[in-house]
Amino acid sequence: MIKLQSVSKTYKDGDQTVHAVNDVSLEVGAGDFVSVVGHSGSGKTTLLSLMGGLTKPQSGSVTIGGTEIWSLPDDDLSAFRNKNVNFIFQFASLVPTLTCLENVLLPTAFGKSGDGLVDYARTLLEMVGLKDKTNSYPSRLSGGQQRRVAIARAFINSPRVILADEPTGDLDETTESEIMEIFRKKCADGTTFVIVTHNSSLAAEAKSRYRMHAGRLERAS
């Protein structure tokens, strides 16, 4: 499903060159659940951005479902990403002028259409425990509730791949457990998950576990 081959990304910090991702190779199969742990600044978030087509590597290749994504023109890459990959970012990043339902439906404005999407969006909100917040605006929600809307939004296009950056960071223990159960069910249905986190118990849920250090990726015990 996902294949990274000798991927590297560097940044300039004054006179210094920072190797955010340094010659990383990784293969993730369809329906796999992969976690990546590491300290802040180790390259975890950059790795997700490279994997999901948001940040272009200086070298190496990123292939999803047989498509080398960085060989695509910008418009085609955007369309491919919208259809195949979705993100759960470290912050909920909801649009404040849209209701919860409208925020969940937002990705469909850029591609997917059809009957049943509104009903499906309502089902996703119910799935994350926000059935009664359909018409609420983000300003009326707690941080944890906003995070759950963002998680529901990630599934609206039925993506093949979910890339998640600290997906349960704002959630209490009980809600985190409920969200992880949703992830497990989606994974069993064939969705591929790659999660970066500081949370060791969350990372332990994964079938395959990795550690990031100074831009290098290695198997975690």
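The values are calculated or read from the model by the stated rules, or taken from the named source; none is laboratory data. Note that the coordinates shown come from a computational prediction; the quantities given were computed from them, not determined experimentally. With ideal geometry, Cβ positions are generated from the backbone for all residues, glycine too; neighbour counts draw on all protein chains shown.
Check whether at least one residue in region 58-75 is at pLDDT 95 or above, within 18 Å of the chain's Cα centre (by Cα), surrounded by fewer than 21 Cβ atoms within 10 Å (Cβ to Cβ) and not aromatic (Phe, Trp, Tyr), and report yes or no.
Yes, because at least one residue in region 58-75 is at pLDDT 95 or above, within 18 Å of the chain's Cα centre (by Cα), surrounded by fewer than 21 Cβ atoms within 10 Å (Cβ to Cβ) and not aromatic (Phe, Trp, Tyr).
When you scan region 172-218, how many residues do you find that are part of a loop (DSSP other than H, G, I, E, B), among the β-branched types (Val, Ile, Thr) and surrounded by fewer than 17 Cβ atoms within 10 Å (Cβ to Cβ)?
Selection size over region 172-218: 0.
Looking at region 159-171, which of its residues are touching a residue at least 40 places away in the same chain (Cβ under 8 Å) and either over 13 Å from the mean Cα position of the chain (by Cα) or part of a loop (DSSP other than H, G, I, E, B) (or both)?
Correct list: Pro159, Arg160, Glu166, Pro167, Gly169, Asp170.
Okay, residues lined up against (1) within 26 Å of Ala30 (Cβ to Cβ); (2) not in a loop (DSSP other than H, G, I, E, B):
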position	(1), (2)
Val62	yes, yes
Trp70	yes, yes
Ser78	yes, yes
Asn82	yes, yes
Asn86	yes, yes
Gln90	yes, no
Thr97	no, no
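Looking at (1) in contact with a Cys (Cβ under 7 Å, 6 or more places away or on another chain); (2) free of Cβ contacts under 8 Å to residues at least 12 places away in the same chain, which one does Phe33 not meet, given that it meets all the others?
Phe33 satisfies all of (1) in contact with a Cys (Cβ under 7 Å, 6 or more places away or on another chain); (2) free of Cβ contacts under 8 Å to residues at least 12 places away in the same chain except (2).
Residues in region 129-156 that are surrounded by fewer than 19 Cβ atoms within 10 Å (Cβ to Cβ) and either outside any helix (DSSP H, G or I) or at positive phi (or both): how many?
Counting residues in region 129-156 that are surrounded by fewer than 19 Cβ atoms within 10 Å (Cβ to Cβ) and either outside any helix (DSSP H, G or I) or at positive phi (or both) gives 7.
Just need a number here: residues in region 18-57 that are within 18 Å of the chain's Cα centre (by Cα), closer than 17 Å to Arg216 by Cβ and assigned to a strand (DSSP E or B).
Count: 7.
Among residues belonging to region 1-17 that are among the small types (Gly, Ala, Ser) and modelled with pLDDT of 95 or more, point out the one that is nearest to Gln58 (Cα to Cα).
Checked region 1-17; the qualifying residue nearest to Gln58 (Cα to Cα) is Ser8.
If only one of Ala109, Ala79, Ala20, Ala92 is under 24 Å from Thr191 (Cα atoms), at pLDDT below 95, crowded, with 17+ Cβ neighbours inside 10 Å and of a type in the set (A, V, I, L, M, F, W, C), which one is it?
Ala92
Condition test on Arg211, is it charged (D, E, K, R), in contact (Cβ under 8 Å) with a residue 24 or more places away in the chain and closer than 23 Å to Pro107 by Cβ?
Judged against the criteria, Arg211 is not a match.
Among the residues in region 129-139, are any free of Cβ contacts under 8 Å to residues at least 12 places away in the same chain and of a type outside the set (A, V, I, L, M)?
yes
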